[in-house]
Structures are given as structure tokens and as C-alpha cells.
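In what follows, a single structure is set out as C-alpha cells and then discussed.
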Amino acid sequence: MSLSVGRIYALSDPRDEVVRYVGQTTKTLEERLAGHLSSPAGKVAPWITELREAGLEPLIAALKENVPVAGLLAAEREEITRRVAAGEPLLNQASTAAGRRIVERKLAELKIRQRESAWTEMAQRCREVLGGPLAPGQVSAPSLQAAVQEALLRLQAEENTDGNALTGGLSSQIRLLRTQQSVSEELWRKCRPAWGRLRGADGSLDFHLASLVSHVARRPDMPGSATLRYLSLIPWAVCAVAPWAALAQRAGMSLEPAAFCGWADGSTEVAAALSDLGLYYPEIFAVLASRENPNDRWCASSHLAAAVAAHTSGEVPEAVAPDVCSVLREIARDKMLTPGMAELLTALDPRALEEIFGPDAARAADAQLGLPPGTALQVLQFVLECKGVGHLGVLDHVVARAAQALPSTPYPNYSTWYGCGIPSARAITISLVGAGLISLPDGYAWPQVLHDLQAIWQTV
């Protein structure tokens, strides 16, 4: 062979004929194999030693002949990349970076598909069991009729102005942006006190609510009645719809209004409300979903999936289990697990009790002090139940740990709790009641608890 050309070759294992090495050479195949056998290097060396001990040697074969010397390196890299990307177990140490990147990308894409498939399974189970978001009830907008009409007129006037015209040194485009900001702030000032039940004592939902209100300023073409209807549905959307939108997003479903409404509309009332939201703000379901952080303490979509799994089959797809386990741990810390949730968390994480509530200090005290088993627990329970002793820190956690089981409650009642995730947590609990998965405590009736929940997203 002319020294101006070379070849790409492969070394294969004679036991299974799997290619283990790809190289380039201007020598004959016999000469190149002899070089490998006399001076094996890198990861090829242990392999050749293993073959020798079995009385074997690699098989060598040409992959490409008459490759110009100037193109040998590129041809070798291309062959290595293709084979590594295809998953072949090459022992090459050089020129494998591109192939590894392809493999890593494929693995990452596969992981995403697997997660989406697992979340799709959970989303469909939630939809089948709970029927979609709870109905909004008799929602109404704050007393904004005059304010909305005035705001829309101001926005329309600015939009109809020549974009290049200057007034007071400002273009109409700048004036429009300022008017939009002013209108957004005015409407939010009107809505904020009217949504006090949902906003809670800490106002933790203010950013989300104010952002959705600001959409009105970007739609001066929206009729006044449509604007009022949209505003009236915002609190319900943030509380009851957002977990379902986030669940759909994690499942890789479309959040376009027609697609999402077709999946989530469990009743005529819900269908109409979702349709109105999507009509007035086509991106609203994507916006609601994007504002959820899966790592949040009270991740609503994970809570929704955990609640359904715990009260139906108890099975959780492997790719979903870490998220479900994480939110159940947080609920456990606040002792709001239902018995089904406690059982599911124990199955997913047998060490959850000790990791959440610490070691069993009460049992250790009995052993160290020579007390009958259970004595320290009885004392701690007595102290914990005493009135007027003030804040006792983590004593309740010590008692919970000593009970040897994750604490649970038949009915998680968040009615006096505040926080960004609490309204959605309450909606999930009521959904479980509505589906017959958990029972109301004595003295409670379904119409009343539903009315009490719906009241938090209505105006005051």
C-alpha cells in the first residue's frame, strides 16, 4: 500500500466478535496487530493479557481502505464517534469525547422521556380519580366596574396614538408602557384587599396574583365584562388550577387552552371557567405551571400525585418517586399526613421516621435511666399536653418519634394555616373528600367544607 494512503481497522474479541478498538495505520494489518501484541497500551493492555491467558489474540479487520493520510485522523474519529454513540464497548481512550457527548445527550433525553412518561401516568391517574380541578363556585370580581372601564379607555387611547408622535418629549410607545404599568398597579391595589382570604397573613401569593392582574393592561381590546370575569377567576386559577397545570407540564402535555381544557375540564362549570381563562389569556396555563418550583417545600403537583397514589393503588412510577417522597416528607414534618400517605412514605423511604424526627430519645432515656419502657414517652406527652407552659420547641417531634410510626391524621385540616402552598393543599384535601378517598370528621358536611374552600378565592 502506498504511504500516501492508510486504513481504518478494528480489533475484535475472538470470543464474541465484538469490536473493542478502532485505529488507523499505514502499515499492513499483520504488522499493526503485531505492534499491539508486542506493546499493548492503555485499556487495550489488560484485554490483550486476558486473551493471552486464554490462549487467544484479537482479530483484526479493515473497516476502510485507501484513506488519504491527511484524512486518517478525521476518519478514525468519525468511526470511533459513531460506534461509541451507538453504545459499542470500545477501549479507545483518545477521540471518544464526541461520542461520549452524544451518549450523554441520548441518556439525558431518555431520562426526560422516562420522567415525562411516568408523570403522564400519574397525571392520568389524578384526572381519572379526582376528575380535574375543583369548581370555582360563585366567583365575582372586586368592585372594579368603573376602574376597569376607565383603565381600558386610557389604554385604548394610548394604543390608537401614532407610535412616532412625541408628546412631552416621550413617544407614544413609552407612554403606552407607562400607562400599562399604571393601570396594572391601580387594578392590583383594588384587588389586593378583596382577595385577603387567599393571600393570607403573609401575602405570599401577592407576586403571582399581581402578575396575572397585570395581563389586563396588555389587553385593551378586552371588553369590560370579559375583564371582570377574568379578574374574578384569577384567585381560583392560582389556588385550584395551578397544580393541574404544573402536573400537565411535568407530563409533557400541551398547555394550549384547547388541549389543557379538554384534559382538565371535569364538569360544565370547570370547563366554562377554564375556557374563559384561556380565551382572555391564552398563555395562562403555561404561566401557572411555570411558577411552580418542583423543589418548593409544598410542591402542589407532587402533593397532588402523592395524594392520589396514597389513596388508590399506592404504586408510584420509579421516576416520580423522589418527588412524591420529598413532598410527603415535608407534609410529615407538619404532621399532616393521612394514614395512606404515611404508609406510602414508609414504603418509599423506610428511614423517613428517623430522618425526619431524629433518633428515639424517649426510648434512650428509659434505657439509660433504668425506667420501665414507655415511661419517658408518658412524661413527655403529659408535658406537651399541659396548658400554659409556653412554646416547647421540638418536643412534639420527640413524642412523634417515640410513637414508632409516622404521625398521621384522618383529615388534614389546613383551615388555619398560611403560606403559598396551603390554598392548593386545602384544595387537594377537599378533592380527596369529593372523590370518597378520605372522610370528613364528625360534625362536618361536604357542602360546607366545599363552600369554605371556595370562599378563599372569592372576594371579601
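Probe of 1.4 angstrom, ligands and nucleic acids ignored: what's the accessible area per residue over the chain, in square angstrom? Spell out each step's value before the answer.
On the way: 22680 Å² over 460 residues.
Per residue, the chain has an accessible area of 49 Å².
Note the per residue figure in Å³ for the convex hull of the C-alpha positions in segment 204-308. Mind dumping the intermediate values first?
Values: hull volume 10.6 nm³, N = 105.
Measuring per residue, one finds 101 Å³ for the Cα hull of segment 204-308.
Relative contact order (percent) for the chain, with alpha-carbon contacts under 8 angstrom and 6 or more residues of separation?
On the way: 607 pairs, mean separation 70.4, N = 460.
After rounding, I find 15 percent.
Given the C-alpha centroids of segment 33-52 and segment 332-384, what is the distance between them in whole angstrom?
Using only Cα atoms, the two centres lie 60 Å from each other.
On a C-alpha basis, how far is the centre of segment 193-224 from the centre of segment 402-439 in Å? Whole number, if you could?
Centre-to-centre distance over Cα atoms comes out at 26 Å.
What is the sum of charges around Pro223, taking Lys and Arg as +1, Asp and Glu as -1, for the other residues whose C-beta is under 14 Å from the C-beta of Pro223?
On the way: positive: Arg219, Arg229; negative: Asp221, Asp276.
Net charge around Pro223: 0.
Normalised by the number of residues in segment 176-217, what is the relative contact order in percent for Cα pairs under 8 Å and 6+ residues apart?
On the way: 22 pairs, mean separation 26.1, N = 42.
Taking the mean separation of contacting Cα pairs over the length of segment 176-217, I get 62 percent.
Quick one: which of 78-88, 300-310 comes out on top by average Cβ neighbours within 10 Å, and what's the full order, highest first?
300-310, 78-88
Could you work out the relative contact order of segment 38-133, using alpha carbon pairs under 8 angstrom and six or more residues apart, expressed as a whole percent?
Values: 38 pairs, mean separation 19.4, N = 96.
RCO, segment 38-133: 20 percent.
Could you tally the net charge around Ala54, taking each other residue with its Cβ under 11 Å from the Cβ of Ala54, Lys/Arg +1 and Asp/Glu -1? Walk me through the numbers before you get to the answer.
Working: positive: Arg15, Arg52; negative: Asp13, Glu50, Glu53, Glu57.
Within the 11 Å Cβ shell, the charges total -2.
Kindly rank 111-119, 184-192, 282-290, 66-74 from highest to lowest mean number of other beta carbons found within 10 Å of each residue. Could the numbers behind the result be given before it?
Details: 111-119: 15.7, 184-192: 17.8, 282-290: 19.4, 66-74: 14.0.
The most tightly packed comes first, giving 282-290, 184-192, 111-119, 66-74.
I'd like the Kirkwood hydrodynamic radius of segment 320-367, using the inverse of the mean 1/r over distinct C-alpha pairs, in Å. Could the numbers behind the result be given before it?
Values: mean 1/r = 0.0879 Å⁻¹.
This gives a value of 11.4 Å.
Give a residue-ordered list of calculated ³J(HN,Hα) values for segment 30-42 (Karplus: 6.51 cos²θ - 1.76 cosθ + 1.60, θ = phi - 60°; whole Hz; x for Gly, Pro).
My calculation for segment 30-42 gives 5, 5, 5, 5, 4, x, 5, 6, 7, 9, x, 9, x Hz in order.
Hey, got the dipole for the chain? About the Cα centre, +1 on K and R Cβ, -1 on D and E Cβ, debye to the nearest 20?
Values: 42 positive and 49 negative charges, 153 e Å.
Here the size comes out at about 740 debye.
Of the listed values (1) 17; (2) 47; (3) 20, identify the label whose number matches percent of Cα pairs over 41 Å apart calculated from this model.
Read-out from the structure maps to (2).
Carbon and sulfur atoms: what percent of the 1.4 Å accessible area of the chain do they account for? Intermediate results must be reported in sequence, preceding the final value.
Details: 11920 of 22680 Å².
Solvent-exposed carbon and sulfur of the chain make up 53 percent of the total.
To one decimal place, what Kirkwood hydrodynamic radius in Å is obtained for segment 255-314 from all pairs of distinct Cα atoms? Write out the running numbers ahead of the final one.
Numbers: mean 1/r = 0.0772 Å⁻¹.
By the Kirkwood definition, the hydrodynamic radius is 13.0 Å.
In nm, what is the difference between 0.36 nm times the number of residues separating Asp16 and Ala97 and their Cα-Cα distance?
Working: separation 81, 0.36 × 81 = 29.16 nm, distance 2.59 nm.
Between Asp16 and Ala97, full extension yields an extra 26.6 nm.
Report, ordered by chain and residue number, the lysines lying within cross-link reach of Lys27, taken as a straight Cα distance under 18 Å and ignoring same-chain residues fewer than 8 apart.
Reachable lysines: Lys64.
Find out how many positive minus negative residues lie around Thr28, taking Lys and Arg as positive, Asp and Glu as negative, among other residues whose Cβ is under 14 Å from that of Thr28.
On the way: positive: Arg7, Lys27, Arg32; negative: Glu30, Glu31, Glu65.
Net charge around Thr28: 0.
The values are calculated or read from the model by the stated rules, or taken from the named source; none is laboratory data. As the structure is a prediction and not an experimental result, all values here were calculated from the model. Cβ atoms come from the backbone with ideal geometry, glycine included; neighbour counts cover every protein chain shown. Side chains are part of the model used for accessible areas, which takes the heavy atoms of the whole protein and leaves out ligands, DNA and RNA. Shrake-Rupley method; radii C 1.70, N 1.55, O 1.52, S 1.80 Å.
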